[in-house]
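Enquirer: The structure follows.
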Amino acid sequence: MLKRKIDNYLTQWKNNRKNALIVYGARQIGKSYSIRKFIRNKENFDKYIEINFAERTNLIDTFATIEDSNQLLVRLSAIEGQKMVPYKTIIFFDEIQLIYTRRKELKENGTLSPKTQDILTAMKALVEDGRYRFILSGSLLGILINDVVLNPTGYVDEYKMYPLDFEEFLWAKNVGQESIEYVKNCFINKEVVDEEINSLFHAYFKEYVLLGGMPEAVKIFKQTLNLHLVDVAQQNIIKYYNKDITTYISDEGKRLRVREIFKAIPSELNSRNKRYMSTHVVDINYLKRNSLDDEFLWLTNAGVAIPTYNVTEAILPLHLASERKTMKLFMSDIGLLDSQLLSTGIRQKIIDNEKVINYGAPYENVVAQELVAHGFDEELFYYNSKKHGEVDFIVEYNNDVLPIEIKSGKADDSKLYNHSALNNLIDIYKINESYVFGDGNFIKENENIYQFPIYMIDFLRK
């Protein structure tokens with residue numbers, strides 16, 4: 001049974017909030033599992049109702065054509081009436097993207113009555129009434145109900161879920177919370193970590209880079225220690241993502257472009273500069289006339305890719321200095337990236353601590369994944385200048401600019417890394433503080449640069 005950070009959130013939501021809750025994120029990250037575990041706990045609710053629209057497809061039209069809250073309540077009671085006990089029952093609608101997809105189909109063929117309401121809108125009066133609690137979940141909701149998810153409605157709380165972050169991965173490995181808190185405090189206080197603990201956490205992080213944070217992959221490895229079975233599970237998830245692209249994008253041209261962009265992420269990251277070259281996957285004549293913003297946005301909102309844009313200046317706000325045409329595109333989960341780079345022998349290289357030029361790509365990907373999960377999810381950036389060099393990430397942190405360098409190999413004998421681009425950035429923009437994450441222990445290089453063990457990226461929170 002995997003412990004997740006949403007577990008505490010759900011308890012707080014139950015005790016302190018009366019709103020409905022919508023949980024969204026990419027496929028296969030554990031949304032349904034966590035919610036199901038929560039609602040079935042008798043300490044939380046006496047009764048629960050779960051309707052999974054992927055399993056009970058005969059109910060999709062029933063809930064896609066609701067006209068108001070009364071009709072929603074009547075239809076629900078006709079199906080699950082015996083379980084509906086006022087003030088004691090929670091109702092869980094799962095895979096609700098199927099409701100919105102169906103509404104779109106009915107609207108396009110002219111058979112959706114203008115009197116109908118989407119399920120979230122129809123739920124409003126029931127939420128305010130308070131007799132029943134509601135949780136909704138689904139994939140691709142950032143695309144299908146963009147106006148609802150991204151704009152607060154007053155009666156719906158939102159929780160965006162991600163693959164397991166490194167701390168959740170440590171929980172899955174039964175690492176003691178005392179050790180985690182000790183390492184976290186070393187990061188906060190900028191202190192050297194006990195060398196035995198440091199070695200252990202480096203080993204844990206390497207395993208995390210090998211497996212990623214998809215719950216199924218983590219569970220399989222924990223049970224079998226078989227990386228081949230992990231890869232089979234990850235390849236199946238990739239197939240789900242490709243199927244979603246085919247299912248949920250109606251325009252044939254856009255569908256083809258999104259699939260090609262998604263397919264090319266591993267090879268583009270595996271290139272020397274790791275930047276995404278649209279000309280490698282889309283005809284250059286098309287690019288002269290059109291932007292690919294919609295295609296990249298689709299993959300981002302679907303939760304399967306993480307864009308990181310180049311900034312030409314390290315000044316706040318960073319987005320004003322970003323070049324939208326120059327970007328890196330990471331996978332939402334490092335394990336899925338590894339699975340698609342099997343032919344390069346990437347997993348063996350990680351296991352063997354092989355220092356090759358492309359070995360840094362998995363480390364950069366896992367850092368992007370951690371940053372997004374910990375609050376830096378609006379937009380990530382990196383700095384690149386032909387004159388001054390490249391810095392891997394740059395984020396807005398504590399109302400200031402924070403450059404971040406990722407080093408996948410060992411430092412030199414002085415335990416210092418070579419990072420001339422970072423030094424240039426500090427000098428030009430008078431940067432107060434910058435972080436370097438690598439394979440060593442904590443070192444304060446000078447007043448501006450701090451080296452941390454790579455696993456401490458988990459404790460950088462916005």
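The values are calculated or read from the model by the stated rules, or taken from the named source; none is laboratory data. Since the model is a prediction, treat every value here as computed from it, not as a measurement. Here the Cβ is made from the backbone with ideal geometry for all residues, glycine too, and neighbour counts use every protein chain on show. Note: accessible area is taken over every heavy atom of the protein model, side chains too, but ligands, DNA and RNA are not part of it. Shrake-Rupley method; radii C 1.70, N 1.55, O 1.52, S 1.80 Å.
Enquirer: Could you list, in sequence order, all residues of region 25-35 that are within 13 Å of the chain's Cα centre (by Cα) and either over 16 Å from Tyr240 (Cβ atoms) or among the β-branched types (Val, Ile, Thr) (or both)?
Expert: Residue satisfying the conditions is Ile29 alone.
Enquirer: Test of understanding: among Ala64, Ala26, which residue is over 28 Å from Gly212 (Cα atoms) and aliphatic (A, V, I, L, M)?
Expert: Selected residue: Ala64, the only one of Ala64, Ala26 that is over 28 Å from Gly212 (Cα atoms) and aliphatic (A, V, I, L, M).
Enquirer: Right, here's the next one. Of all residues in region 220-247, count the ones that are open to solvent by 30 Å² or more (accessible area, probe 1.4 Å) and either within 19 Å of Thr300 (Cα to Cα) or touching a residue at least 24 places away in the same chain (Cβ under 8 Å) (or both).
Expert: Within region 220-247, residues that are open to solvent by 30 Å² or more (accessible area, probe 1.4 Å) and either within 19 Å of Thr300 (Cα to Cα) or touching a residue at least 24 places away in the same chain (Cβ under 8 Å) (or both) number 9.
Enquirer: Right, another one. What is the one condition in (1) open to solvent by 40 Å² or more (accessible area, probe 1.4 Å); (2) not in a helix (DSSP H, G or I); (3) not small (Gly, Ala, Ser) that Glu260 does not satisfy?
Expert: Result: Glu260 passes all but (2).
Enquirer: Which condition breaks for Glu196 when tested against (1) acidic (Asp, Glu); (2) touching a strand residue (DSSP E or B) at 6+ places or on another chain (Cβ under 7 Å); (3) without any contact (Cβ under 8 Å) to a residue 40 or more places away in the chain?
Expert: With respect to (1) acidic (Asp, Glu); (2) touching a strand residue (DSSP E or B) at 6+ places or on another chain (Cβ under 7 Å); (3) without any contact (Cβ under 8 Å) to a residue 40 or more places away in the chain, Glu196 is out only on (2).
Enquirer: Does any residue in region 21-48 that is closer than 29 Å to Lys239 by Cα come within less than 8 Å, Cβ to Cβ, of a residue that is part of a helix (DSSP H, G or I) and open to solvent by 60 Å² or more (accessible area, probe 1.4 Å) six or more places away or on a different chain, and which pairs are these?
Expert: Hits for this filter: Arg27/Tyr240; Gln28/Glu216; Gln28/Tyr240.
Enquirer: Moving on to the next point. Here are the criteria: (1) farther than 28 Å from Leu342 by Cβ; (2) at pLDDT below 95. Tell me which single one Glu196 does not satisfy.
Expert: So Glu196 meets the others, but not (2).
Enquirer: Tell me, which residue of region 23-67 that is basic (Lys, Arg) and assigned to a helix (DSSP H, G or I) is nearest to Gly138 (Cα to Cα)?
Expert: Lys31
Enquirer: So, one more: In region 305-343, what count of residues is obtained for those that are in contact with a Ser or Thr (Cβ under 7 Å, 6 or more places away or on another chain), closer than 30 Å to Gly138 by Cα and open to solvent by 10 Å² or more (accessible area, probe 1.4 Å)?
Expert: Residues that pass the stated criteria total 3.
Enquirer: Sort out which residues of region 128-184 are open to solvent by less than 20 Å² (accessible area, probe 1.4 Å), within 17 Å of the chain's Cα centre (by Cα) and modelled with pLDDT of 95 or more, and write them in order of number.
Expert: Ser137, Met161, Pro163, Leu164, Asp165, Phe166, Glu167, Glu168, Phe169
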